[in-house]
Amino acid sequence: MDANSEVFDQQQSMPPRPVLPDMAAARSRGPADTVDARWQSLRLAWQGRYAAHQVRSPGRPYPGIVPLLDAAAAQPRLRRLFPFTSHFTLLFSSSTSYPWSVQAGSIEPRHNGRFTVRRRDPFAVIGEVDTAEEAVALVLELLPTGSDPVISACTDDGA
């Protein structure tokens, strides 16, 4: 088998690209729908990346971003925030558009299967844990007490 046929075989066995929610339509319905669509979009996109990784690099470790998204989405206080990722790290914003208003901390799934949780201000590692659920519990402790986070959209100054 030559290199071209190996690439063709790999492309044939790649999973289909996920159909993501229409973010523009969600934004037109308001911040709550935007946040809900974003959670769905992130999960579907990362599931697709993981499935492609399994085809391209079977047996190679992949950070546990999908289980992390599942664990975070199961928590109502986090589910009300706008999730976003950067370099596999999951963050939560009370703003549904840039510039983000990052709440609590961030969670980075590691290739070794563990999760590193960082506080935003002052920036520091507050723990490394074995499960996504433990990481989410640490981030929940960093959220402001006394009231749930509020979803808000940044205002456009018309510029």
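Scanning for something open to solvent by 20 Å² or more (accessible area, probe 1.4 Å), outside any helix (DSSP H, G or I), closer than 26 Å to Arg27 by Cα and not polar (S, T, N, Q), does region 117-139 turn up at least one residue? No, region 117-139 contains no residue that is open to solvent by 20 Å² or more (accessible area, probe 1.4 Å), outside any helix (DSSP H, G or I), closer than 26 Å to Arg27 by Cα and not polar (S, T, N, Q).
Among the numbered conditions (1) at positive phi; (2) modelled with pLDDT under 90, the only one that Met14 does not meet is (1).
Does any residue of region 141-159 turn out to be within 16 Å of the chain's Cα centre (by Cα), over 21 Å from Ala26 (Cα atoms) and modelled with pLDDT of 85 or more?
So in region 141-159, the residues within 16 Å of the chain's Cα centre (by Cα) come out as none.
Checking region 141-159: not a single residue is within 16 Å of the chain's Cα centre (by Cα), over 21 Å from Ala26 (Cα atoms) and modelled with pLDDT of 85 or more.
Identification of strands (runs of 3 or more DSSP E) wholly contained in region 50-113 with 2 or more residues that are open to solvent by 10 Å² or more (accessible area, probe 1.4 Å) and at pLDDT 90 or above yields 82-86, 89-93. With respect to the stated conditions, Ala32 is over 15 Å from the mean Cα position of the chain (by Cα) and either open to solvent by less than 30 Å² (accessible area, probe 1.4 Å) or farther than 21 Å from Asn112 by Cα (or both).
The values are calculated or read from the model by the stated rules, or taken from the named source; none is laboratory data. The shown structure was predicted, so the numbers you read here are calculated from the model rather than taken from an experiment. Heavy atoms of the whole protein, side chains included, go into the accessibility calculation; ligands, DNA and RNA do not. Shrake-Rupley method; radii C 1.70, N 1.55, O 1.52, S 1.80 Å.
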